[in-house]
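**Q** I have a structure I would like to understand better, so I am pasting it below and will then ask my questions one at a time.
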Amino acid sequence: MSPECKIEENRRNCGCTYMSCDKRGKCCDCLKSHWRNKELPGCLFPPEIERTYDRSLRTFINYWKDKV
Ligand code: SF4
């Protein structure tokens, strides 16, 4: 059984501000493309970092390391 893709719901709830991205709502493609460059999707960053478009793993770790 293949899971149903919730692309429209994903698009509505997406925290990424790059509105014209062709991967918007396709979370599996979004994750795959960023991880290829050792980055993470914009939705995993707080808004003030997300809007810089810095999706690097280093920035993710630096932000979250003291918050968990
Ligand atoms: S996080 Fe990256 S791949 Fe995902 S929707 Fe935003 S710009 Fe596109």
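**Q** If residue 20 meets every condition in (1) surrounded by 10 or more Cβ atoms within 10 Å (Cβ to Cβ); (2) near the ligand (Cβ under 10 Å from one of its atoms) apart from one, which number is that one?
**A** (1)
**Q** Turning to a different aspect of this structure: For a quick check of your reading of the model, give me the residue pairs whose first member lies in the stretch 15-32 and is more than 22 Å from residue 48 (Cβ to Cβ), whose second is modelled with pLDDT of 95 or more and among the β-branched types (Val, Ile, Thr), with beta-carbon atoms closer than 8 Å and at least 6 apart or on different chains.
**A** Every condition considered, the pairs that remain are 25/7; 26/7.
**Q** For residues that are outside any helix (DSSP H, G or I) and near the ligand (Cβ under 8 Å from one of its atoms), scanning just the stretch 41-60, find the one that is surrounded by the fewest Cβ atoms within 10 Å (Cβ to Cβ). Please lay out each step first, then the result.
**A** Applying the first criterion (outside any helix (DSSP H, G or I)) to the stretch 41-60 yields 41, 45-46, 51-56.
Among the residues that remain, those that are also near the ligand (Cβ under 8 Å from one of its atoms) are: 41, 53, 55.
Numbers: 41: 20, 53: 12, 55: 23.
Here the answer is 53.
**Q** Out of the residues in the stretch 1-17 that are of a type in the set (D, E, K, R) and loosely packed, with under 12 Cβ neighbours inside 10 Å, which is farthest from the ligand (Cβ to nearest atom)?
**A** 4
**Q** Given the structure, is residue 55 free of Cβ contacts under 8 Å to residues at least 24 places away in the same chain and of a type in the set (Lys, Arg)?
**A** yes
**Q** Something else now. For the stretch 14-42, which residues satisfy the criterion of being under 20 Å from residue 4 (Cβ atoms) and of a type in the set (A, V, I, L, M, F, W, C)?
**A** Correct list: 14, 27, 28, 30, 31.
The values are calculated or read from the model by the stated rules, or taken from the named source; none is laboratory data. Small disclaimer: the values here were computed from a predicted structure and weren't measured. Don't worry about glycine lacking a Cβ; one is built from the backbone with ideal geometry, like all the others, and counts go over all protein chains shown.
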